[in-house]
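Engineer: I have a structure here, written as structure tokens, and I will follow up with some questions on it.
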Amino acid sequence: MPKTTAYLIDSSIYIFRAWFTLPDSLTNTNGEPVNAVYGFIDFVAGLLEETKPTHLSFAFDQSLTSSFRNTIYPPYKANRDPAPDELKRQFEYCRRFVEAIGYSLLSSDRYEADDLLGTAATRARADGHDVIILSADKDLAQLIEENDVLWDYARDRRFTPKKIKEHFGVRPDQIADQLAIAGDKVDNIPGVPGIGMTTAARLLTKFETIENLLENIPAISDMKIRGAKRIQGLVDEHQEMILLCKKLTEIKCDAETLHGDYELERGQCDYADLDELFNEIGFGNIRREKWKRLAAK
């Protein structure tokens, strides 16, 4: 029997994309913006029509200020402005939509969507599925194993382990180490000042892991790279920070949040909830009929 594919969705990426690209003149009957909801629902419709998935799950970020990473390093993601109320409202609409059409929704106060996706991917593989993760987030490249794909759906770019190595200069299992060394401004992870992703890749090509790098710091100056002695000094000076950053960049794949009755297979569509939601966001007849057809499949 051929393997089935589990599609795991990094929902926030596609909600934010719609929020920034669609006009906020798209409003509901109360005059509130619903552009992000419209864009997300259209994205889901396109995905279902194109892939006809049998196993699908959506991860949402709920722990933007309360994840275990904030306990380890309080400035983690502190550089981000809080989401405006108009966007928070639309996130809730999107969550209601996912539940109404019968798919599992993953969220947690302690774990980020990345950790939930990593845990879901681990469980899906254990159940015999291939895994496709839909996201444009580079952090998730670390989750991709031999038969997996990281699919940047909006740009239609698919990253296999080979493509990830070509793009980042390291294997998927080295991505967390690369980010720990180079840092990640988006998530306010400092890394080592003065060392970027390319140099971090060169270091990991030689030393494989952060742990081996830190055990062989004197050997850095022997590398045939520009500023090798300076890089050695930087790594030596920031050893503790590198190890701390690794705790931030490494995605957890054993989140206990998913223990229990989590299912990848689609449940029953709640047509009453779907109708109520469509009324609230002002969906027109064409979109409603489209979703009735999709929900019936």
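The values are calculated or read from the model by the stated rules, or taken from the named source; none is laboratory data. Just so it is clear, the structure is predicted and the values come from calculations on it, not from any experiment. Positions of Cβ are backbone-derived with ideal geometry, glycine not excepted, and every protein chain shown enters the neighbour counts.
Engineer: Could you list, in sequence order, all residues of the stretch 24-56 that are assigned to a loop (DSSP other than H, G, I, E, B) and touching a strand residue (DSSP E or B) at 6+ places or on another chain (Cβ under 9 Å)?
Structural biologist: We begin by selecting, within the stretch 24-56, every residue assigned to a loop (DSSP other than H, G, I, E, B); these are 24-26, 28-32, 34, 52-54.
Asp24, Ser25, Leu26, Val34, Pro53, Thr54 - these are the residues of the stretch 24-56 that are assigned to a loop (DSSP other than H, G, I, E, B) and touching a strand residue (DSSP E or B) at 6+ places or on another chain (Cβ under 9 Å).
Engineer: Among the residues in the stretch 197-205, are any loosely packed, with under 14 Cβ neighbours inside 10 Å and at pLDDT 95 or above? Show your work before the answer.
Structural biologist: Quick first cut of the stretch 197-205, residues loosely packed, with under 14 Cβ neighbours inside 10 Å only: 198, 205.
Checking the rest, the ones that are also at pLDDT 95 or above come to 198, 205.
Looking through the stretch 197-205, at least one residue is loosely packed, with under 14 Cβ neighbours inside 10 Å and at pLDDT 95 or above.
Engineer: Could you please give the count of residues in the stretch 22-73 that are touching a Pro at 6+ places or on another chain (Cβ under 7 Å), buried (at least 20 other Cβ atoms within 10 Å of the Cβ) and of a type outside the set (S, T, N, Q)?
Structural biologist: Matching residues across the stretch 22-73 total 0.
Engineer: Based on what the data block shows, is Ile72 farther than 21 Å from Gly282 by Cβ, β-branched (Val, Ile, Thr) and touching a helix residue (DSSP H, G or I) at 6+ places or on another chain (Cβ under 8 Å)? Even if it seems obvious, please write down each step before you answer.
Structural biologist: Numbers: farther than 21 Å from Gly282 by Cβ: yes; β-branched (Val, Ile, Thr): yes; touching a helix residue (DSSP H, G or I) at 6+ places or on another chain (Cβ under 8 Å): yes.
Yes.
Engineer: Considering the stretch 122-164 alone, what residues qualify as being touching a Leu at 6+ places or on another chain (Cβ under 9 Å), more than 15 Å from Ala176 (Cβ to Cβ), of a type in the set (Gly, Ala, Ser) and in a helix (DSSP H, G or I)?
Structural biologist: Ala124
Engineer: Take the conditions outside any loop (DSSP other than H, G, I, E, B), assigned by TED's automatic domain parsing to the domain that holds Ala141 and without any contact (Cβ under 8 Å) to a residue 40 or more places away in the chain and apply them to Thr65. Does it pass? Walk me through it before giving the result.
Structural biologist: Working: outside any loop (DSSP other than H, G, I, E, B): no; assigned by TED's automatic domain parsing to the domain that holds Ala141: yes; without any contact (Cβ under 8 Å) to a residue 40 or more places away in the chain: yes.
So Thr65 does not fit the description; no.
Engineer: If a residue must be part of a helix (DSSP H, G or I) and either under 15 Å from Ala176 (Cβ atoms) or within 25 Å of the chain's Cα centre (by Cα) (or both), how many such residues does the stretch 187-204 contain? Break it down into steps so the answer makes sense when it comes.
Structural biologist: Start the filter on the stretch 187-204 by keeping residues that are part of a helix (DSSP H, G or I), which leaves 187, 197-204.
Okay, now just the ones that are also either under 15 Å from Ala176 (Cβ atoms) or within 25 Å of the chain's Cα centre (by Cα) (or both), so 187, 197-201, 203-204.
Qualifying residue count for the region: 8.
Engineer: Could you name every one of the helices (runs of 4 or more DSSP H) located completely within the stretch 220-297 that has at least 1 residues being modelled with pLDDT of 90 or more? Before you say what the answer is, go through the steps one by one.
Structural biologist: Details: elements: 228-237, 239-249, 271-281, 285-296.
Once the helices (runs of 4 or more DSSP H) in the stretch 220-297 are filtered for at least 1 residues that are modelled with pLDDT of 90 or more, what remains is 228-237, 239-249, 271-281.
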